[in-house]
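**Q** Below is a structure I'd like to ask you about.
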Amino acid sequence: MKSRNRSLVGSLIVLILTLSVVVVAQVSRPYRNGSVWGISFIKMKPGMDTAYLNYIATDWKRNQEAWKKEGLILSYKVLTTEAHGGGDWNIMLMTEYKDMATMEANEAKADNLLQTVIGNDEKQMQGYRDRLQVREVLETRLAREIVLEPRR
């Protein structure tokens, strides 16, 4: 009798586990992961809006366009807003990547393209020093877009 009960309990456990796997496999979510955005929150220093936006419209845009042409990014955006306090950002730079894996896989290619478009490391470092006079990078983040549609 004990052997039969053990067998019955064992069969019941296998049945429950099998059903739970089937139920989990059928979970349907009404959303899916979308693209990944690299976002920089920048504070343009007082009176330096034109100087920084000139950089954005030239070197920064030229680099973004080169990355886009090479398929390293999907798109880019620049948003401005009024600051709500002394330490608040007033410009957001956004770069859209297909996904995290693609972004990481293309880092070396992106660096090489930056060398071609903007210049060597010394020229890039000088550009960073020059921009310190007109802006402050407050924060950078990676964000994943959530598409409000089920996975296909």
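Just so you know, all these numbers are worked out from the coordinates, no wet-lab data involved. It should be emphasised that the depicted structure is a prediction, and the values quoted were computed from it without experimental measurement. In this analysis, Cβ positions are derived from the backbone assuming ideal geometry, glycine residues included, and neighbour counts consider all displayed protein chains.
**Q** When you check residue 116 against the structure, is it over 26 Å from residue 29 (Cβ atoms) and of a type outside the set (D, E, K, R), yes or no?
**A** yes
**Q** Still on this structure: Just need a number here: residues in the range 39-58 that are part of a loop (DSSP other than H, G, I, E, B) and either hydrophobic (A, V, I, L, M, F, W, C) or touching a Leu at 6+ places or on another chain (Cβ under 8 Å) (or both).
**A** Counting residues in the range 39-58 that are part of a loop (DSSP other than H, G, I, E, B) and either hydrophobic (A, V, I, L, M, F, W, C) or touching a Leu at 6+ places or on another chain (Cβ under 8 Å) (or both) gives 1.
**Q** If we only count helices (runs of 4 or more DSSP H) wholly inside the range 63-152, which ones have 2 or more residues that are over 19 Å from residue 35 (Cβ atoms)?
**A** 107-117, 121-131
**Q** In the range 67-90, which residue that is out of contact with any helix residue (DSSP H, G or I) (no Cβ under 7 Å at 6 or more places or on another chain) and surrounded by 15 or more Cβ atoms within 10 Å (Cβ to Cβ) is nearest to residue 142 (Cα to Cα)?
**A** 74
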